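The values are calculated or read from the model by the stated rules, or taken from the named source; none is laboratory data. Treat the numbers as computed from the prediction; the structure is a model and nothing was measured. Here Cβ is always computed from backbone atoms with ideal geometry, including for glycine, and neighbour counts include all displayed protein chains. Protein only, heavy atoms only, side chains kept; ligands, DNA and RNA dropped before computing areas. Shrake-Rupley method; radii C 1.70, N 1.55, O 1.52, S 1.80 Å.
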Amino acid sequence: MSDEKLHWTSASRTHVGHVRKLNEDACLELPEHGLWVVADGMGGHAAGDVASRMIVDSLHRGSVAKSLDTLSSQVERALQKVNRKLTQEASRRGQQIIGSTVVVLLIHGRRCICLWAGDSRIFLLRDSRLRQLTTDHSQIEELIAQGRIAREQAESIPGSNAITRAVGVMKELVLDSVSHDVCEGDRFLICSDGLYNEVKSADIAQLLALQDCRESADRLIEMALQGKARDNITAIVVSVEDDQATKTLFNPSAVRMSNVDEDDDKTTVNR
């Protein structure tokens, strides 16, 4: 679903990290549909990998939509269906929760929509400025929004990573949604908290500016693994390009960096 002048490339990487034995993250790239997904199975709850995989599988089966709003509605319906299945499965197993965060980037023409529940994020790099397009559904964000604590205090608060929304947690799933314009040269990062908890915003911006999506994804994962990497780590990098633009002018601030060994990766091009 590309605009006649725009197309997008993307690359994804996921890694189990240094501590956990199971990767409960799952991701999906469907550039031909204008759809990218990261789901982070809830650590500490049973079958988090089942929940994240069910989300990805349900969205992989979706049909091509003729408009962004139609695609968004299809995704919401699919996630509501998964939510019901997960709550039913938890009840059947006698477990309290089988859940996962979800964050979805949808692009059609020159617009995009972000859909999410939980604390997985979407970032946008435009004109060398990094913006977080999503807002975490977490207890700490609620306290910050209420003015009860300053953001600088967040890391010192016990339980600061507790989330308040996710797929499979409540009988009715509540998703947040924001819409933005899309421009040539935009770089999006869709990621789990295992990535942004280990990599500083300035480093995310620098690595997103690399010309090649795969290199950006590789280097983001590599930098996260230089830390404690106590959680699973997933990153999808999406680049929006103009077919008619002079390629030598694309991302003039990009600095090439050395290649790293591949883990789990996929690079796709939609033209």
Q: For Asp40, indicate whether it is in a helix (DSSP H, G or I), at pLDDT 95 or above, of a type in the set (Asp, Glu) and under 16 Å from the mean Cα position of the chain (by Cα).
A: no
Q) What is the number of the single condition among (1) over 25 Å from Gln80 (Cα atoms); (2) at pLDDT 95 or above that Leu143 does not meet? A) (2)
(Q) Taking the conditions exactly as written (acidic (Asp, Glu) and buried (at least 17 other Cβ atoms within 10 Å of the Cβ)), does Asp40 satisfy them or not? (A) yes
Q. If you take just the strands (runs of 3 or more DSSP E) that sit entirely in the stretch 75-176, which of them hold at least 3 residues that are open to solvent by 60 Å² or more (accessible area, probe 1.4 Å) and out of contact with any Cys (no Cβ under 8 Å at 6 or more places or on another chain)?
A. 129-132
Q | Residue that is modelled with the lowest pLDDT [pool: residues in the stretch 57-74 that are outside any helix (DSSP H, G or I) and within 30 Å of Cys183 (Cβ to Cβ)] | A | Ser63
**Q.** Candidate set from the stretch 47-58 (those that are touching a helix residue (DSSP H, G or I) at 6+ places or on another chain (Cβ under 7 Å) and open to solvent by 10 Å² or more (accessible area, probe 1.4 Å)); member that is farthest from His108 (Cα to Cα)
**A.** Met54
**Q.** Selection within the stretch 12-42 - of a type in the set (Gly, Ala, Ser) and closer than 13 Å to Ile233 by Cα
**A.** Ser12, Gly17, Ala26, Ala39, Gly41
**Q.** Boolean, Glu29 is over 25 Å from Asn161 (Cβ atoms), touching a residue at least 40 places away in the same chain (Cβ under 8 Å) and touching a Phe, Trp or Tyr at 6+ places or on another chain (Cβ under 6 Å)
**A.** yes
Q | Tally of residues being part of a strand (DSSP E or B) and crowded, with 21+ Cβ neighbours inside 10 Å across the stretch 178-193 | A | 5
